[in-house]
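Read the structure below first, then the notes.
The values are calculated or read from the model by the stated rules, or taken from the named source; none is laboratory data. Fair warning: this is a prediction, and the values are worked out from it, not measured in the lab. Neighbour counts run over all protein chains shown; Cβ positions are idealised from the backbone, glycine included. Remember, those area values only see protein heavy atoms, side chains included, never the ligands or the DNA or RNA. Shrake-Rupley method; radii C 1.70, N 1.55, O 1.52, S 1.80 Å.
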Amino acid sequence: MQHKELIQQMTLLEKCALLSGDTVFTTRAYSKHGIPAITLSDGPNGVRKQAGAADHLGLNPSVPATCFPPAVTIACSWNPALGEEIGKAMGEEAAAQEVSVLLGPGLNTKRSPLCGRNFEYFSEDPYLSGKMAAGYVRGIQSNGISACPKHFAVNNQELRRMASDSVVDERTLRELYLTGFEIVVKEAAPKTVMSSYNLINGTYANENAHLLQDILRRDWGFNGAVVTDWGGSNDHALGVKNGSTLEMPAPGGDAVRELLKAVETGKISESDVDARLDELLTLVLDTHAAVEKHSRSFDAEAHHALVRRAAAESIVLLKNEENLLPLATGTRVAVIGDFAETPRYQGAGSSAVNSLKVDTVLENLAQSGLQVLGFAPGFDRRGRADAVKEAEAVALARQADVAVLFLGLDEIKESEGLDRGDMKIADNQIELLRAVQAVNPNTVVVVNAGASIETPWLKHCKALVYGALGGQAGAGAILDVLTGKVNPSGKLAETWAMSYEDTPAKEHFAGKGRTVQYREGLYVGYRYYQTAGVAPAFPFGFGLSYTSFAYSDLKATSDSVTLTVTNTGSCDGAEIVQIYVAKPDAKVFRPVQELKGFEKVKLAAGESKCVAIPLDDKAFRYWNTMTNAWEIEGGHYEIRVGASCEDIRLTATVEVAGTGAPNPYAGISLPHYESGKVMNVPDAEWEVLLDRPIPDDTVKIDCNMTLGELKHSRSPLCWLVWLVLHTMLTNSYKQGKPNLNVMFQYNMPLRALAKMTSGAISMGMVDGIVLEAKGFWGIGLCKVLVEAVKNAILNAQLEKRLRGA
Ligand code: BGC
């Protein structure tokens, strides 16, 4: 224990109180013990420090900061060193604003393209996610403060986000949903990790001993602090016992009393509290010291330039018929589309930064060298048909050499708290595209979206550029790529399916009841499309360039791969070389191939480079549920070197020694998992993989019932609450602006009332509300009132006792 002496000086009450936040974004300070308060702030793509009224949804304004491109964008750079540069800059701004813990990066595996927070996450592949996130963490922490990779773990949807139970088999859990976090923890040593809201196989992530103790702390050697997601603590005492350090935001006296009582009754021991306190004190003292000596300013212009460079490096060129791009200087262009004037450059919710400034395409056109004939918004952003706007755009397009259309997903489509309903771009935008193409075949589409979209309209454009969400300088980055100032080198970090109907999790996303079945198992993203033989619109790892690359001289061992890459075109560029490992004769079922290495190589025109890519301990392993360990099936493996997961250029075979473990599936029939065709796995087969019966899914009236489920209660008062919320939510959809507060409340369990009201509501009061919901109206209401009085008195007493600390 690092802080034994200090801990010995503290009373049990003081200790327990320190393990939860003091305000929405700060910890408690004890001047008598020399313990300062520290500030935690979002987030993953820039600092969102709320100096005034604070909330965890980005509702109240925050101190202006640089808005970096979200993870969805930077993931397409496949460049962890770029992630590190961004992390360093974000960390610098955080420390300058006296923030000790920056709440990011987010690295949940993109299970379904519809998850509302996909823009905050890197990839469908855990190896790519882990490597990118590790870059961010190293960069952020180079400032002495803490990064906080999140949301640990299996948090892949927004519906019932604080109370849904992710039902997943152990092998899939380890290989797909934890490997990214393993890479971050082992390779970048984050000082904190954020536990997720959801349950995993029946136990909340934040009190899940298997997740936090067995895997995070024991297997991976994490010795930092686990911070709950905001309001994500269910049973604080169990959390502390099982490895969760700090409950956020400010649950008030009730959480302190809960811990005290748990120690007094023997539910947990004082040494559990001490162990967590030791982790917390290291975090507080170290990061506070770093913040104290850090400069209070940063170079905003340099950070703006970094955003532009990073966004440009991440843009993916998806189609370029007849080499329409790059546009030569002087090309007469019609600039069309609302997104050229009002960019979508970041997502909504807790990650939203109050940007220092935001570039638009329109403002940057003057420096582009293009001859701009004019601008027409072309469509109504909220999807309503607008014949006048369309006609104006068509007239403009008619006169131009090239029409550039800026299309995208509007603000309501993707947000924290809300899963997407489909993968489509609004009909009126596609309608406009058709009309423009009819008068000008030289049509370029630029898409701003934080997630993959369907592209049945692809034939209506000659070029397609995916700009993702470019951060505050993303507009300039797009112009750099359109004009060839930057040769695009991004590649997709997630598959773009032909249609949502083709996506493997669709039958079990987002789950109507309490549980979400991860029935597709390992077959997420390209692992599914390639194994099941389903053709996507654009495969994982795909992206074009203005030049071309040749691959040669492959040499592979089980430890490393070397090859030569040559730029065979006439302009400088960068190629992302991807290493996939396959075992065509595998006895233990597995996806046909999996990403196990990659490297971004910069090459001048005509230049060749020898590239060495290491293969690490993750290259051949699989999780064996019989031995409960990582094992290797011995024999031959194919090392496939590709420009995307489909465009394999070179292949070599290596011999790998196995670990000799028994095949856990010997004698068991799992035809869907063997073939990867996991769309309709029958219950019986899924139960075999899961190794237990499918859990009950019905909504129960208890403290984890969400406000959106109150219609299932037996109380008119609760029905009324539901009706009001439901009406407000529906109205906010109609207005096209997500009402985050209402969305959050809708998916919030009753229990969270006690966790997110700074102590005003206690768990005792929540128990009263549950009684009310169960139909014991009188008793329920009385309990709420009695507990409210009790809570107010106990809170006052507690604060008085603590004030001396
Ligand atoms: C989000 C976290 C965020 C936290 C604090 C939560 O609602 O899930 O990602 O860091 O709020 O704002």
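At-a-glance table
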{"read-out": "Met728/Val388 FRET efficiency (R0 41 Å; Cβ-Cβ; nearest 0.05)", "value": "0.80"}
{"read-out": "At R0 = 60 Å, FRET efficiency that the Cβ-Cβ distance of Lys711 and Asp585 yields, to 0.05", "value": "0.65"}
{"read-out": "Loop-resident sites, region 409-508, for GluC sites (Glu not before Pro), counting at most 16 other Cβ within 10 Å (DSSP)", "value": "Glu411"}
{"read-out": "Mean Cβ neighbour count within 10 Å, used as a protection proxy, ranking 439-447, 393-401 highest first", "value": "439-447, 393-401"}
{"read-out": "Above-threshold pairs, the threshold being 18 Å between Cα atoms, out of Lys131/Lys485; Lys131/Lys506; Lys711/Lys783; Lys131/Lys186", "value": "Lys131/Lys485; Lys131/Lys506; Lys711/Lys783"}
{"read-out": "3J(HN,Hα) from dihedral phi, region 523-540, Karplus parametrisation 6.51/-1.76/1.60, rounded to Hz, x for glycine, proline", "value": "8, 10, x, 4, 4, 7, 4, 6, 6, 7, x, 9, 7, x, 6, 9, x, 3"}
{"read-out": "Base-10 log of normalised Debye intensity for region 707-804 (one unit scatterer per alpha-carbon) at q = 0.12 Å⁻¹", "value": "-0.48"}
{"read-out": "Only Lys, Arg (+1) and Asp, Glu (-1) charged, at Cβ; the chain dipole about Cα centre in debye", "value": "1100 debye"}
{"read-out": "By accessible area with a 1.4 Å probe, ligands and nucleic acids excluded, highest first: order of Met1, Met728, Met423", "value": "Met1, Met728, Met423"}
{"read-out": "Distance between region 425-488 and region 497-575 - C-alpha centres, whole angstrom", "value": "21 Å"}
{"read-out": "Per-peptide average of other Cβ atoms within 10 Å, ordering 359-369, 281-291, 789-799 highest first", "value": "281-291, 359-369, 789-799"}
{"read-out": "Amide H partners (placed H, <5 Å) of Leu327, local residues excluded", "value": "Thr483, Gly484"}
{"read-out": "Alpha-carbon gyration tensor eigenvalues x 5, square-rooted, for the chain, Å", "value": "43, 31, 27"}
{"read-out": "Cα-projected label distance for Val372 with Asp401, points at 7 Å along beta-carbon direction, nm", "value": "1.7 nm"}
{"read-out": "Protein accessible area in the chain, 1.4 Å probe - carbon and sulfur %", "value": "54 percent"}
{"read-out": "Virtual spin-label span in nm between Thr627 and Leu12, 7 Å along Cα→Cβ", "value": "4.5 nm"}
{"read-out": "Sequence ranges 63-71, 586-594, ranked by mean other-Cβ count within 10 angstrom, highest first", "value": "63-71, 586-594"}
{"read-out": "Difference of contour (0.36 nm per residue) and Cα-Cα distance, Asn60 to Phe776", "value": "254.0 nm"}
{"read-out": "Lys/Arg +1, Asp/Glu -1 at C-beta; the chain dipole; positive extreme among Ile74, Gly347, Gly135", "value": "Gly347"}
{"read-out": "Exposure rank, largest accessible area first [Arg117, Arg382; 1.4 Å]", "value": "Arg382, Arg117"}
{"read-out": "Contact order normalised by residue count of region 707-804, Cα under 8 Å, 6+ apart, percent", "value": "24 percent"}
{"read-out": "Candidate residues Val786, Val47: accessible-area rank, largest first, probe 1.4 Å", "value": "Val786, Val47"}
{"read-out": "FRET efficiency, 1/(1 + (r/R0)^6) with R0 45 Å, evaluated for Asp553 and Thr659 via beta carbons", "value": "0.90"}
{"read-out": "Rough spin-label spacing in nm, given labels placed 7 Å along Cα→Cβ, for Asp691 and Asp647", "value": "4.1 nm"}
{"read-out": "Amide H contacts under 5 Å for Lys596, placed H, 5+ residues apart", "value": "Ile579, Tyr580, Val581"}
{"read-out": "Amide proton proximity set for Ala348, modelled H, under 5 Å, gap of 5+", "value": "Glu416"}
{"read-out": "Accessible area of the chain divided out per residue, in Å², using a probe of 1.4 angstrom", "value": "34 Å²"}
{"read-out": "J(HN,Hα) series, region 318-326, from Karplus relation 6.51 cos²θ - 1.76 cosθ + 1.60, nearest Hz, glycine and proline x", "value": "9, 8, 8, 5, 6, 6, 4, 9, x"}
{"read-out": "Nearest 10 degrees, 0 to 90: helix 300-314 Cα axis against the chain principal axis", "value": "60 degrees"}
{"read-out": "Under the Karplus curve 6.51 cos²θ - 1.76 cosθ + 1.60, θ = phi - 60°, whole-Hz ³J(HN,Hα) for region 7-16, x wherever Gly or Pro sits", "value": "5, 5, 6, 8, 6, 4, 4, 4, 5, 4"}
{"read-out": "Region 306-494 - share of DSSP beta bridges that are antiparallel (%, nearest 5)", "value": "20 percent"}
{"read-out": "Additional length obtainable on full extension of the chain from Asp683 to Ser560, 0.36 nm per residue less Cα span", "value": "40.2 nm"}
